[in-house]
Structures are given as C-alpha cells and as structure tokens.
Amino acid sequence: MAELVPLRPAAVLEAWEGGLAQGTVERALTLLALAMPGATRDALADLSIGRRDALLLELRTRSFGPTAPCVVRCPRCEETLEFPVRLPDLRVPAPAAAEAVVTFGDLRLRVRPATSRDLLTIAGAADPVRALLERCVTAERASAGDPAAVPAEAAELVAAEMARLDPQADVRFDLSCAACGAAWTTVFDVVSYLWREIEAEARRLMAEVDALARTYCWSELTILEMSRPRRLAYLRLAGAA
Ligand SMILES: [Zn+2]
C-alpha cells in the first residue's frame, strides 16, 4: 500500500472543499486520496471498510495526534461525558484470511468483507442488503460446484461472517455515566469524527488566511505553507490573535 502522509494545512482545505457535497463513503475516500497520493482512488475504493478505517485512524494520528477528545451525552440522564480516546487503542488486528467459505444447507458461500465500492454501488438499490449480499457473496452447490443464488435466509450468517472478517469496521467501547450509573456501548465512527475535525480546522485556517491576507496581502498558499508558530506570530502582530 502507498505511503500515508499527514494532512498539511493546504490539504485540509482541499479535503474540506472536496468533501463538502459528498456522503460519508466518498468523504473517506477523498481524505485517503489526499493522504496517500501514491494510491489511486480505485485502489482505495477496493479496500475493506475496516482497512479503510485503520488507515483513517492512522491519518488522524499523524495529522492531529493520537488522542481524540470525545463528548457523548448520557442516554438516560443527558449528562455530558467528556473523555479522551487513544486512537492506537482502537486498532484491531486484521484476520489472516481476506475471505471465508461457510456452508449453508447444500451451498458453499464464499464471503468477503464489504468495500467502499460496494457501499457506493448499493446506495441507490431498492434492496441494499440484498444488493450487498450479491456483491460480497458467491454461492455454489457443494456437490456439483454449480453457481447458485444466495438465499435470503443466509443473510444473518453471512453478515456475521463479513463482520468477523473485518473487525476494524465496527469499533465499539463501553461507557458509564458517573452521574446516574447508566452503562452502554458506543460506536466510534472515525469518518464522521475526522470529518468534523477537518471542518473545524478548515474554518480556523480560512479565518487565519483572511486576517493575514487583509494585513499583509500574502497569497492563500503562502499563508498555508507557513509553520503554525510563524502564522500565529504574524496573527498576533496583525492584532488578530
Ligand atoms: Zn447518566
């Protein structure tokens, strides 16, 4: 896989601009394409969702550090919980096999985890679950080896197998509320988390560019390519920080 580089300020603005009108699956690809200039968007789209998320965790760690501050509302008493999540702790080892064969009646089902391409393709389908099943599962008669349709009754078994093959795609952790004692499990969605950070960082950078360009008439790129301490020093001199 191509090398992953941290998102520099100019790339943060590019990511924000590119992802603005996109859905979650496309946004994840936009972020990775900027961070991995050596990989084609096609190759990134063919990564499993877990592999994609592992790369996004790495990207976030390299761009903004390994600790992610989280804010969650207690589902029972609505108290706000604030806690840091160590992103390297969310990494799950990938299973050795990229696909699995499971038996369902007289069928052999070859199962692989879903990719971004799968999710983008099934987005407009009348029955997305069925469409995903057809993309990620190949069925054949165990005896004759003839191709067969994937039975709808096998969906649960197949879904469990897909999840087992790609554990990084569904990262959960336990939380408890100090105020009321409620305990629950929450999902860490790295795409949404990183996107919110990109949005906030892009707005901050644009405000800085705005302030410095007004005072010094420097170009956007010149300002974005400065180190952060240097940009902040000029912002102070300009009376904007
Ligand atoms: Zn509570």
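Data table
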item	result
Net charge of Cβ neighbours under 13 Å - reference GLY105; Lys, Arg +1; Asp, Glu -1	-1
Label-point gap, in nm, between LEU232 and GLU153 - each point 7 angstrom along Cα→Cβ	6.4 nm
Computed magnitude of the charge dipole of the chain (debye, nearest 20; Cβ of K, R +1, Cβ of D, E -1)	780 debye
Normalised contact order of the range 100-165, rounded percent, pairs of Cα under 8 Å and 6 or more residues apart	36 percent
For the chain, calculated [θ]222 nm from helices alone, where every DSSP H run of n ≥ 4 adds -39500 (n - 2.57)	-14500 deg cm²/dmol
For ALA148, distant residues with modelled amide H under 5 Å away	ALA139, GLU140, ARG141
About the Cα centre, charge dipole magnitude for the range 100-165 (Lys/Arg +1, Asp/Glu -1 at Cβ), debye	260 debye
Within the accessible area of the chain (1.4 Å probe), percent carbon and sulfur	53 percent
Ratio Rg/Rh, restricted to the range 100-165 and using Cα atoms, in which Rh is the Kirkwood radius	0.97
Solvent exposure of the chain as accessible area per residue, Å², 1.4 Å probe	54 Å²
Using θ = phi - 60° and Karplus 6.51 cos²θ - 1.76 cosθ + 1.60, couplings along the range 231-238 (whole Hz; Gly, Pro as x)	4, 5, 4, 5, 4, 5, 4, 7
Computed FRET value (nearest 0.05) for ARG172 with PHE83, which takes r as the C-beta separation and R₀ as 22 Å	0.90
Angle between the chain longest axis and helix 9-19 axis [Cα atoms, degrees, rounded to 10]	50 degrees
Residue-by-residue Karplus 3J(HN,Hα) for the range 47-57, coefficients 6.51, -1.76, 1.60, Hz, glycine and proline x	6, 5, 4, x, 5, 4, 5, 4, 5, 5, 5
No Cys partner within the rule (Cβ under 4.7 Å), the chain	CYS70, CYS136, CYS217
Local electrostatic count at ALA10 - Lys and Arg +1, Asp and Glu -1, tallied over other residues with Cβ under 9 Å	-2
Under 13 Å, Cβ to Cβ, from PRO37 - net charge with Lys/Arg +1 and Asp/Glu -1	0
Pairs of alpha carbons in the chain whose separation is greater than 23 Å (percent)	61 percent
GluC sites (Glu not before Pro) lying in DSSP loop within the range 30-87, provided at most 11 other Cβ fall within 10 Å	GLU78
Exposure ranking of ILE198, ILE49 by accessible area [1.4 Å probe, largest first]	ILE49, ILE198
The range 10-53: translational diffusion in µm²/s, Stokes-Einstein, Kirkwood Rh over Cα pairs, 20 °C, 1.002 mPa s	203 µm²/s
Listed residues LEU32, LEU13, LEU55: farthest to the positive end of the dipole of the range 1-80 (Cβ charges)	LEU55
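The values are calculated or read from the model by the stated rules, or taken from the named source; none is laboratory data. Source: prediction; values computed, not measured. Don't worry about glycine lacking a Cβ; one is built from the backbone with ideal geometry, like all the others, and counts go over all protein chains shown. Protein only, heavy atoms only, side chains kept; ligands, DNA and RNA dropped before computing areas. Shrake-Rupley method; radii C 1.70, N 1.55, O 1.52, S 1.80 Å.
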